[in-house]
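This report concerns only the one structure given below.
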Amino acid sequence: MSNRDPHSYTDLSQGRVHNMDLDLKVDFENSCIIGQADFDLSEAVSGALDLDTRDLSIDGAFDSSGNDIPFELAEADSVLGSRLRVTLPEGSKKFRVNFTTSPNASALQWLEPAQTAGGKHPYLFSQCQAIHARSVIPCQDSPLSRFTFNCKMTVPSDLTVVMAAAPGEKSDANTEGMTSFSFTMPQSIPPYLFAFAVGNITAKDLGPRSTCYTEPEMMEKSAWEFAEVNQMILAAEEIFGPYLWDRFDFLVMPPSFPYGGMENPRLTFLTPTLLAGDRSLVNVLAHELAHSWTGNLVTNASINDFWLNEGFTVWAERRILENMEGLEAKSLSAAIGRHGLLQAMNSFGKGSEFTKLEINGEGSDPDEFYSLVPYEKGFLFVALLEETVGREKMDEFVKKYIDHFKFTSLTTAQFEEFLNRELPGAAEIMGAQEWIHQPDLPANAPVFASSRLEKLEGLAKGWSDGVRPDVNEAVNWTPEDWQIFLQALPKQMTGEDCSWLNDNFKLNAQGNCEILCNWLEIAVNSSFEPAYARCESFLSEVGRMKYLKPLFSALHGNENTRDLAAKVYAANSNGYHPIARIGLEKVLAG
Ligand code: BES
Ligand code: ZN
């Protein structure tokens with residue numbers, strides 16, 4: 001196993017932290033967490049041990065008898081943060097660090113009551129992937145270093161804590177009006193999966209292994225939208241083997257959550273933009289569930305191997321979809337993915353490092369090079385492997401892969417070795433070397449054709465020649481149909497054409513965020529003024545980067561709406577997540 005991760009100061013030759021006992025007090029007034037971390041090392045060590053931190057203030061370091069030990073916080077690197085070096089006495093198996101987080105901690109978002117559904121209570125949540133755990137706790141913040149933990153979290157007594165861990169005791173309120181919630185995580189996790197949320201959060205059981213958590217105001221919609229969760233777990237177990245994390249609960253987040261979903265073990269986080277009211281976006285739940293195996297059990301060794309997490313997961317997500325809805329649904333989903341892939345590859349440019357599967361991300365910020373390439377090129381690679389060896393052998397291979405590497409972190413090279421051993425010859429037949437190590441999309445990428453897809457794309461391609469869909473038919477299209485159609489339309493059109501679409505299909509009033517975003521992008525590019533107000537309100541309602549980035553890019557990229565972009569950003573940026581703000585400021589500076 002590789003010993004170094006280019007995005008961490010972790011040096012496993014100094015020692016390995018295998019368990020943490022955390023005591024975290026949440027201070028909403030000062031937007032900080034006051035923490036104490038007790039570290040357990042796998043073996044007794046002495047001398048320097050390096051941890052990752054970002055914007056943490058270190059209040060003290062102690063040996064197992066409680067004596068002060070020397071520590072040194074290095075100057076911050078803009079990508080990695082600050083290395084914390086503690087010096088351990090001879091034969092140390094334990095040490096302690098006391099720390100306080102910054103109000104600007106990159107993993108944390110502190111919400112005012114007005115930013116929540118209920119409007120009465122504050123809210124706090126974490127988002128640690130890729131390298132933000134270090135802004136919450138000092139740690140060996142590399143997926144190479146897995147740990148178990150116990151965590152006690154103390155919060156104002158009117159709030160509830162949920163954590164990606166098994167819940168334990170809850171204390172009575174103390175004299176200061178604070179309550180402690182205890183959790184334990186018996187399965188080892190990479191640090192990027194450490195996660196919690198604090199707020200007015202309630203629970204509703206949805207199946208033998210699943211509870212839906214969210215604010216009370218969001219519960220009815222959330223529980224309905226994701227009611228199929230147990231069926232999904234069963235479909236996923238058929239592909240991967242038994243679910244090893246006991247519970248699969250999920251938390252529907254406030255709107256500022258910057259991602260669609262995050263596979264925090266035992267407690268997936270989901271954006272409320274999935275609540276379309278028709279279950280049309282539940283693929284994101286299937287995706288996060290699939291990470292329970294590909295990502296959480298078998299984890300990428302570093303961000304260079306991120307495609308191992310996402311590529312396999314998208315493949316599994318679409319297998320679950322095939323199982324639940326059939327082949328056509330899968331082919332439409334793959335087509336939407338391919339469109340996104342080509343767009344992402346295009347924006348990196350031909351020959352870019354970031355269009356390879358295994359990349360060299362050293363020196364770059366993972367949030368900056370985040371793209372659909374590891375997802376969709378990764379999916380196509382895994383799908384091609386399945387096509388090459390056949391479904392039966394593929395299923396056997398995947399189950400063995402999971403079982404062999406569960407609870408470990410692996411590199412692309414280790415994957416290749418395993419592939420060559422288990423399915424000899426397959427890598428050559430499919431040209432795996434080119435797929436993994438060369439940029440761009442190989443010519444033998446699988447294509448998922450379907451007659452429905454051809455029809456929709458055909459309609460869109462004919463747009464400029466005056467071809468129009470039959471209105472009576474198109475009002476009954478599924479959300480996937482609409483996505484395919486809108487994505488295949490010209491990016492810019494006349495005002496009359498925009499009006500025709502909006503008048504006939506009420507696109508400004510669309511409740512499905514995927515469709516709405518695709519439409520607004522076209523409308524903004526076309527300077528279609530009747531859509532500006534909806535674009536503005538949408539950007540004030542959501543914090544998911546998947547929508548913010550293209551819409552701000554479109555507004556900023558069009559001279560007619562550039563001022564509007566700045567105005568909308570100024571009005572809403574306080575409500576966006578720190579990671580989203582950094583990304584958007586780049587967009588608006590371009
Ligand atoms: N693990 C990712 C989210 C992530 C990746 C957060 C990298 C931070 C850094 C999650 O599983 C994911 O991929 N979510 C997607 C949804 C999916 C259906 C493609 C998203 O957020 O849109
Ligand atoms: Zn994912």
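The values are calculated or read from the model by the stated rules, or taken from the named source; none is laboratory data. Every value quoted in this text rests on a predicted model; they were computed, and no experiment measured them. As a convention, Cβ positions derive from the backbone with ideal geometry for all residues, glycine included, and neighbour counts pool all protein chains shown. Please note that ligands, DNA and RNA were not included when accessible areas were found on the heavy atoms of the full protein model with its side chains. Shrake-Rupley method; radii C 1.70, N 1.55, O 1.52, S 1.80 Å.
Miscellaneous remarks
- Only one of the listed residues (Asn304, Asn296) is in a helix (DSSP H, G or I) and polar (S, T, N, Q). That residue is Asn304.
- On the stretch given as the stretch 262-287, residues that are within 8 Å of ligand 1 (Cβ to nearest atom) and farther than 15 Å from Arg319 by Cβ total 4.
- Close pairs from the stretch 406-426: first within 15 Å of Phe381 (Cα to Cα), partner open to solvent by 60 Å² or more (accessible area, probe 1.4 Å) and part of a helix (DSSP H, G or I), Cβ under 8 Å, at least 6 apart: Leu423/Lys393
- Considering the stretch 78-107, and only residues there that are of a type in the set (A, V, I, L, M) and within 28 Å of the chain's Cα centre (by Cα), the residue that is surrounded by the fewest Cβ atoms within 10 Å (Cβ to Cβ) turns out to be Val79.
- Residues of the stretch 108-154 that are among the hydroxyl-bearing types (Ser, Thr, Tyr) and within 22 Å of the chain's Cα centre (by Cα): Thr116, Tyr123, Ser126, Ser135, Ser142, Ser145, Thr148.
- Contacts under 6 angstrom Cβ, first residue in the stretch 254-276 being under 21 Å from Pro113 (Cβ atoms), partner within 12 Å of ligand 2 (Cβ to nearest atom) and of a type outside the set (Lys, Arg), 6 or more apart: Phe269/Met262; Thr271/Gly260
- Among the residues of the stretch 273-293, the ones that are among the charged types (D, E, K, R) and within 15 Å of ligand 2 (Cβ to nearest atom) come to 1 in all.
- All conditions in (1) in contact (Cβ under 8 Å) with a residue 12 or more places away in the chain; (2) in a helix (DSSP H, G or I) hold for Gly543, with the sole exception of (2).
- Count of the stretch 505-540 residues which are β-branched (Val, Ile, Thr) and either more than 22 Å from Asp481 (Cβ to Cβ) or not in a helix (DSSP H, G or I) (or both): 1
- Test: residue in the stretch 303-310 that is open to solvent by less than 10 Å² (accessible area, probe 1.4 Å), within 16 Å of ligand 2 (Cβ to nearest atom) and either modelled with pLDDT under 95 or touching a His at 6+ places or on another chain (Cβ under 8 Å) (or both): yes
- For Tyr259: the one exception among (1) within 16 Å of ligand 1 (Cβ to nearest atom); (2) crowded, with 23+ Cβ neighbours inside 10 Å: (2)
- Here Ser135, Ser142, Ser188, Ser182 are screened, and the one residue that is assigned by TED's automatic domain parsing to the domain that holds Gly35, farther than 26 Å from Thr116 by Cα, modelled with pLDDT of 95 or more and touching a Lys or Arg at 6+ places or on another chain (Cβ under 7 Å) is Ser188.
- Residue in the stretch 227-245 that is open to solvent by less than 10 Å² (accessible area, probe 1.4 Å), within 16 Å of ligand 1 (Cβ to nearest atom) and among the charged types (D, E, K, R) present: no
- Residues in the stretch 109-132 that are closer than 21 Å to His7 by Cβ and either not in a loop (DSSP other than H, G, I, E, B) or not assigned by TED's automatic domain parsing to the domain that holds Met185 (or both): Ser126 only.
- Test result for Glu387, away from ligand 2 (no atom under 16 Å from the Cβ), more than 21 Å from Ala344 (Cβ to Cβ) and without any contact (Cβ under 8 Å) to a residue 24 or more places away in the chain: no
- Picking from residues in the stretch 555-586 that are open to solvent by less than 40 Å² (accessible area, probe 1.4 Å), in contact with a Gly (Cβ under 9 Å, 6 or more places away or on another chain) and part of a helix (DSSP H, G or I), the one that is farthest from Trp110 (Cα to Cα) is His556.
- Selected residue (only one of Pro442, Pro446 is touching a residue at least 24 places away in the same chain (Cβ under 8 Å) and open to solvent by less than 30 Å² (accessible area, probe 1.4 Å)): Pro446
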